[in-house]
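One structure is given below, encoded as structure tokens.
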Amino acid sequence: MGDIVVAHDCARGGEPYTPMTCKVVGISQQTPDVRSFRLQALDGSRPFDALPGQTAMFSVLPYGECMFAVTSRGEDYVELCVKRVGQVTERMHELRVGDEVGLRGPYGNWFPYDSARGRDMLFVAAGIGLPPVRSFLEYCLRHRADYGRIDLVYSASTKADLVYLDELTNVWPGQPDTHVHVSVYHGSDDWDGEVSYSAPFLEKVFAQEGLSPRNACATLCGGASFFRTCLESFTALGYDPGDIVTTLERRMKCGVGKCGRCNIGSHFICLEGPVFTQREVALMGAR
Ligand SMILES: Cc1cc2nc3c(=O)[nH]c(=O)nc-3n(C[C@H](O)[C@H](O)[C@H](O)COP(=O)(O)OP(=O)(O)OC[C@H]3O[C@@H](n4cnc5c(N)ncnc54)[C@H](O)[C@@H]3O)c2cc1C
Ligand code: FES
């Protein structure tokens, strides 16, 4: 089986710096510090189309702008999921339905939904790593016949930190041949599920479900220690780095290859990424 093929030449023309004014048409509190925002153009249309994995710059004047994955899109909106971590995301969490904001994009490349067709799909995420892979998972569910078995292995610090709890418990497990496995790092009285860190949980799911790296595509997103430990597990489980897909989060300012904030050596992550196979990541020396 050949490597998964990720497109990297995705630089966008037009007016890449100009945000369009959008309005907030929906806000959903996912966890105490994560909210998802539905954004719509002022004329009521969807601001832009985005392929699974693409990103956008979301701005709140006069505080600034940040990059986020486009987690899903509907007929007349795009949705972003924002963790409150600092100056700008703090302001985003103060937004109300009806407020006007800026949005530019879509930027970057996309998950390899074409070359992954026919494979078993394994999504592994931790914490705020689930929103960026959600668009790929939902693409596979919308084109269910094109993919093999689907497994999602998701972990967060506590039950309260699990994003998309409704989808995790009520929506995705009901889809054909789709298996959702959830763990938390710290148990509580109201959690009767798994208590485990991501990598041991991944290995446990792998053994219990009899999963195989043959004809499989694994997609990973989470923090640095999540990546390091899960990649060790993937190596132990026999995965080829060319069959593992990740999305890299570097600090990004312009998003269009001008500011020099996101590079790894000669590679501009905003222009070539953020999606790479683990083989490509290793060649760049990123991790
Ligand atoms: C391609 C891409 C996709 C992203 N998708 C999402 C998403 O779907 N949801 C989401 O909540 N966030 C996402 N992020 C991260 C998001 O852009 C940052 O959290 C945001 O820019 C922080 O802005 P701030 O002004 O609130 O924080 P700041 O005040 O600038 O920083 C606060 C703290 O967060 C850290 N931080 C800031 N940016 C990053 C970053 N890019 N990576 C790691 N640490 C960072 C800083 O080091 C600091 O400790 C993504 C980033 C990239 C590059
Ligand atoms: S974010 Fe400015 S060069 Fe990549």
State all residues of the stretch 68-77 that are closer than 24 Å to Pro112 by Cβ and either modelled with pLDDT under 95 or away from ligand 2 (no atom under 14 Å from the Cβ) (or both); if no residue qualifies, say none. Ala69, Val70, Thr71, Ser72, Arg73, Gly74
Looking for something over 27 Å from Val85 (Cβ atoms), surrounded by 15 or more Cβ atoms within 10 Å (Cβ to Cβ) and either in contact with a helix residue (DSSP H, G or I) (Cβ under 6 Å, 6 or more places away or on another chain) or not assigned by TED's automatic domain parsing to the domain that holds Ala69 (or both) - is there at least one such residue anywhere in the stretch 192-202? no
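To keep it simple, each residue is scored yes or no on (1) of a type in the set (Val, Ile, Thr); (2) within 16 Å of ligand 1 (Cβ to nearest atom); (3) over 24 Å from Ala56 (Cα atoms).
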{"position": "Gly223", "(1), (2), (3)": "no, yes, no"}
{"position": "Ala236", "(1), (2), (3)": "no, no, yes"}
{"position": "Arg250", "(1), (2), (3)": "no, yes, no"}
{"position": "Cys254", "(1), (2), (3)": "no, yes, no"}
{"position": "Cys259", "(1), (2), (3)": "no, yes, no"}
{"position": "Ile264", "(1), (2), (3)": "yes, yes, no"}
{"position": "Val275", "(1), (2), (3)": "yes, yes, no"}
{"position": "Glu280", "(1), (2), (3)": "no, yes, no"}
{"position": "Leu283", "(1), (2), (3)": "no, no, yes"}
Any residue at all in the stretch 276-284 that's within 16 Å of ligand 2 (Cβ to nearest atom), without any contact (Cβ under 8 Å) to a residue 24 or more places away in the chain and outside any loop (DSSP other than H, G, I, E, B)? yes
Across the stretch 160-187, what is the number of residues that are touching a residue at least 40 places away in the same chain (Cβ under 8 Å) and farther than 12 Å from Leu137 by Cβ? 5
Selection from the stretch 235-253 of residues that are closer than 18 Å to Gly148 by Cβ and either in contact with a helix residue (DSSP H, G or I) (Cβ under 6 Å, 6 or more places away or on another chain) or part of a helix (DSSP H, G or I) (or both): Leu237, Gly242, Asp243, Ile244
All conditions in (1) without any contact (Cβ under 8 Å) to a residue 60 or more places away in the chain; (2) more than 25 Å from Thr71 (Cα to Cα) are true of Arg214 except (1)
Restricting the search to the stretch 181-197, which residues are farther than 18 Å from Cys230 by Cα and of a type in the set (S, T, N, Q)? Ser188
If the Cβ limit is 7 Å and pairs must be 6+ apart or interchain, which residue in the stretch 252-267 that is within 16 Å of Asn109 (Cα to Cα) pairs with which residue that is within 14 Å of ligand 1 (Cβ to nearest atom) and modelled with pLDDT under 85? Cys262/Arg250; Cys262/Arg251; Cys262/Met252
Starting from residues that are small (Gly, Ala, Ser) and within 10 Å of Val88 (Cα to Cα), keep the ones in the stretch 53-69 and report whichever is farthest from ligand 1 (Cβ to nearest atom). Ser59
Being under 17 Å from the mean Cα position of the chain (by Cα) and surrounded by fewer than 24 Cβ atoms within 10 Å (Cβ to Cβ) is the filter here; which residues of the stretch 35-51 pass it? Arg35, Ser36, Arg38, Asp49, Ala50, Leu51
Test Leu61 against the stated conditions and say whether it is surrounded by fewer than 16 Cβ atoms within 10 Å (Cβ to Cβ), hydrophobic (A, V, I, L, M, F, W, C), more than 16 Å from ligand 2 (Cβ to nearest atom) and outside the structural domain of Leu141 (by TED's automatic domain parsing). yes
What number of residues within the stretch 259-272 satisfy the criterion of being within 9 Å of ligand 2 (Cβ to nearest atom), closer than 11 Å to Leu248 by Cβ and either under 17 Å from the mean Cα position of the chain (by Cα) or among the charged types (D, E, K, R) (or both)? 2
Within the stretch 241-251, restricting to residues that are of a type outside the set (S, T, N, Q) and in contact (Cβ under 8 Å) with a residue 12 or more places away in the chain, the one that is farthest from Cys217 (Cα to Cα) is Arg250
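The values are calculated or read from the model by the stated rules, or taken from the named source; none is laboratory data. From a predicted model like this one, the values you see are computed outputs, not experimental measurements. Ideal geometry is used to build each Cβ from the backbone, glycine not excepted, and the neighbour counts take in all protein chains shown.
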